[in-house]
Amino acid sequence: FPVTIGQIKGIEAEILLEFQHYLHEKYNVQLTYNWVYRNTFKAVMDEIKRDTTGGIFGIAGFSFSDERRTFMNFSPTYMADMAVLVSTSDIPIIHSKDELKKYLNDATALTAQGTILEKELMAMRQANDLDFKIEYTGGSDELVEVLRKRAKSFGFLNLPVYLMELDKGLNQLNRQNFLTKTNVS
């Protein structure tokens, strides 16, 4: 369903609004946005892949990858691409690879389908011979909400999302610093 600007918040919306203002002031171009809501990361990616007009553009925390470059163009990075692993409080802070099996086996990993972070979880599971299941959420906000209600669960969050959640009082999750991902691709 279409989304009005009053419902859209965050740095990405602010950047797009400033871009709109810049085009008008500098080039007298009147850019009008048709904000379209998609409830999952996968739905956004599918929409971009299906586009035949070249008229879709936006701003989001997409990680760069060779596969994604086949159907979308990227602007220069405007924010570092970092993700942190967070877990429910019943999973202690992990300090070594040896503790991965002890605390993550039989746990549930949460992620959005089709993301680089999903691939990172699968690679982590395989590289460390871990036994955890993966459950899909719609995105970062949903992942945080599910983690708040669960036990023995974990997932990657983009650092800006994690910091915003901390600002809102998120304190019942453990940040697993041992497994921070930088420039995930």
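The values are calculated or read from the model by the stated rules, or taken from the named source; none is laboratory data. Every value quoted in this text rests on a predicted model; they were computed, and no experiment measured them. Cβ coordinates were reconstructed from backbone atoms using ideal geometry, including for glycine residues, and neighbour counts include every protein chain displayed. Heads up: the accessible areas ignore ligands, DNA and RNA and are worked out on the full protein's heavy atoms, side chains in. Shrake-Rupley method; radii C 1.70, N 1.55, O 1.52, S 1.80 Å.
Rule-of-thumb check for the stretch 46-132: C-alpha Rg over 2.2 N^0.38 Å?
The reported ratio for this selection is 1.40.
Give me the net charge of Ala151's neighbourhood, meaning all other residues with Cβ under 13 Å from the Cβ of Ala151; Lys, Arg count +1, Asp, Glu -1.
Here the count lands on +2.
Quantify, in whole percent, the carbon and sulfur part of the accessible surface of the stretch 47-167 (1.4 Å probe; protein heavy atoms only).
49 percent
Report the calculated FRET efficiency for His24 and Phe57 (r = Cβ-Cβ distance, R0 = 25 Å), to the nearest 0.05.
After rounding, the FRET efficiency stands at 0.90.
Rg(Cα) of the chain divided by 2.2 N^0.38 Å?
1.14
Which value, in Å² and to the nearest 10, is the accessible area of Ile56 when all protein chains are kept and the probe is 1.4 Å?
My reading of the accessible area for Ile56 is about 80 Å².
Excluding ligands, DNA and RNA, what is the solvent-accessible area per residue of the chain at a probe of 1.4 Å, expressed in Å²?
On a per-residue basis, 62 Å².
Straight-line reach only, C-alpha to C-alpha below 20 angstrom: list the aspartates and glutamates that Lys168 could link to, leaving out same-chain residues fewer than 8 apart.
Partners within reach: Glu12, Glu14, Asp141, Glu142, Glu145.
Express as a percent, rounded to the nearest 5, the fraction of DSSP beta bridges in the chain (both residues included) that run antiparallel.
Of all bridge pairs located within the chain, approximately 65 percent are antiparallel.
Please list Val144, Val29 in order of solvent-accessible area, largest first, computed with a 1.4 Å probe with all protein chains present.
The most accessible residue leads, giving Val29, Val144.
Multiplying the sequence separation of Asp98 and Ile15 by 0.36 nm and subtracting their Cα-Cα distance, what value in nm do you get?
Between Asp98 and Ile15, full extension yields an extra 25.6 nm.
Can you give the longest stretch of the chain with no exposed loop site, where a site means trypsin sites (Lys or Arg not before Pro) in a DSSP loop (not H, G, I, E or B) with at most 11 other C-beta atoms within 10 Å?
The segment 10-167 is the longest one with no such site.
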